[in-house]
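Take a look at the structure below.
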Amino acid sequence: MKKIYLIRHAESEANAAFDLDNPTYYYDAIITKKGELQALNTREKLNNINFDTYICSPLTRTLQTFSLIFPEKKPFIEPLIREHLFHSCDVGRQPAILKKEFKLFNFSNLNKYWWNNDIPINQKKIVKENFNDIKKRLDKFKLWLNGNESKTIALVSHGTFLSQITGYMLENCEHFIWEY
């Protein structure tokens, strides 16, 4: 049995906003100062756990959160665990752009338009997913987990994606232990 620590990202500019899409768009939202403090607090809580695998969504708020919680680790970047594409903050960036900001991370498994199911698109267009789409991604991720021998996993992802597992929306930087 695997013990997977599901960690929701720290507070982002989009989480702090009253209106996610108007008048400001928060494409691939970054974390706030409050979010930075949340991540550092979570680092203290998880500091003594010996994880054998680290997994992170490719959206910037999760990459920033991961970098603060696990500063010496390199995650496997997994687009299947990205957020439900519904708002501007859920629109990602291409791997070459992410690599410039997160130099130590490996984005080689990402396709150019990973946030849009690899379909080329105007990068500022929001093509909303339905809940069936997110469930399909979770099923694919479970298949990946079944083929992975890791036992203690840290996974940094998003509220709506993680709620498909937990049954509720985690708070920013809250973690939930999923025995799978």
Once the convex hull of the C-alpha atoms of the range 1-75 is built, how many Å³ does it hold per residue, rounded to a whole number? 99 Å³
With a bin width of 5 angstrom, please list the P(r) values of the chain as percents of all Cα-Cα pairs, from the 0 bin to the one holding the largest distance. 1, 8, 18, 23, 23, 16, 8, 2, 0, 0
Per-residue [θ]222 nm for the chain (sum of -39500 (n - 2.57) over DSSP H runs n ≥ 4, rounded to 500): -9500 deg cm²/dmol
Interatomic Cα distance distribution for the range 103-180, bins of 10 angstrom, percent: 14, 39, 39, 8
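Any read-out appearing in this document is the output of simple, stated calculations on the displayed coordinates, not a laboratory observation. These figures come from a predicted structure and were not determined experimentally.
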